[in-house]
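The values are calculated or read from the model by the stated rules, or taken from the named source; none is laboratory data. What you are looking at is a predicted structure, and each value in this text was computed from that prediction instead of being measured. With ideal geometry, Cβ positions are generated from the backbone for all residues, glycine too; neighbour counts draw on all protein chains shown. Surface accessibility is based on the protein's heavy atoms, side chains included, excluding ligands, DNA and RNA. Shrake-Rupley method; radii C 1.70, N 1.55, O 1.52, S 1.80 Å.
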Amino acid sequence: QVQLVESGGGLVQAGGSLRLSCAASGRTNSWYAMGWFRQAPGKERDFVASISWRGAVTEYEDSVKGRFTISRDNAKNTVYLQMNSLKYEDTAVYYCAANRANRAGRSPREYDYWGQGTQVTVSS
């Protein structure tokens, strides 16, 4: 089992930045790919970014390319999402997730463990 805890969300003006963190505990000695997803009210949970165990593979949803950066520090069991040039439409609850098969996939169904989420609100 892996437990994931997100932090770093908050209220920010459009054009601002936030850095989300996702701390993993439990069976963290396995080779997990990690992903960030987001869910706005009334909408489905959407892919944002993902990263493989060693960080060699990263994937981004088109609307965040060039603005968001996913990274990880395996020594600290932590994954980050640096979000710059935030837009109103980035407002959502952001979730991190772990994939036991080390596939940096885009579908929520590929992920085995989830955090509780952190709210990001961007004011226009």
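Scanning segment 77-88 for residues that are under 15 Å from Gln119 (Cβ atoms) and either of a type in the set (A, V, I, L, M) or without any contact (Cβ under 8 Å) to a residue 60 or more places away in the chain (or both) yields Leu81, Met83, Leu86.
The set of residues in segment 34-60 being under 20 Å from Ser21 (Cβ atoms) and aliphatic (A, V, I, L, M) consists of Met34, Val48, Ala49, Ile51.
Every residue, every condition in (1) under 11 Å from the mean Cα position of the chain (by Cα); (2) over 16 Å from Val122 (Cβ atoms), yes or no:
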site	(1), (2)
Ala14	no, no
Ser21	yes, yes
Ser25	no, yes
Gly42	no, yes
Val48	yes, no
Asp62	no, yes
Asp73	no, yes
Met83	yes, no
Val93	yes, no
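Residue count for segment 84-108 satisfying the condition of being assigned to a helix (DSSP H, G or I) and either among the aliphatic types (A, V, I, L, M) or open to solvent by less than 40 Å² (accessible area, probe 1.4 Å) (or both): 1.
Residue by residue through segment 61-83, note down the ones that are in a strand (DSSP E or B) and open to solvent by 40 Å² or more (accessible area, probe 1.4 Å). Thr69, Ser71, Arg72, Asp73, Gln82 - these are the residues of segment 61-83 that are in a strand (DSSP E or B) and open to solvent by 40 Å² or more (accessible area, probe 1.4 Å). Looking across Ala49, Ala40, Ala92, one residue alone is within 16 Å of Ser7 (Cα to Cα), modelled with pLDDT of 95 or more and aliphatic (A, V, I, L, M). It is Ala92. The residue pairs whose first member lies in segment 10-23 and is among the β-branched types (Val, Ile, Thr), whose second member is part of a loop (DSSP other than H, G, I, E, B) and crowded, with 16+ Cβ neighbours inside 10 Å, and whose beta carbons are closer than 6 Å, counting only pairs six or more residues apart or on different chains, are Val12/Leu86.
The set of residues from segment 4-53 being open to solvent by 40 Å² or more (accessible area, probe 1.4 Å), of a type in the set (S, T, N, Q) and under 14 Å from Lys76 (Cα atoms) comprises Ser25, Asn29.
Within segment 107-124, residues that are farther than 23 Å from Leu11 by Cα reach partners that are among the polar types (S, T, N, Q) and open to solvent by 30 Å² or more (accessible area, probe 1.4 Å) with beta carbons closer than 9 Å, at six or more positions or on different chains, in the pairs Tyr113/Gln1; Tyr113/Gln3.
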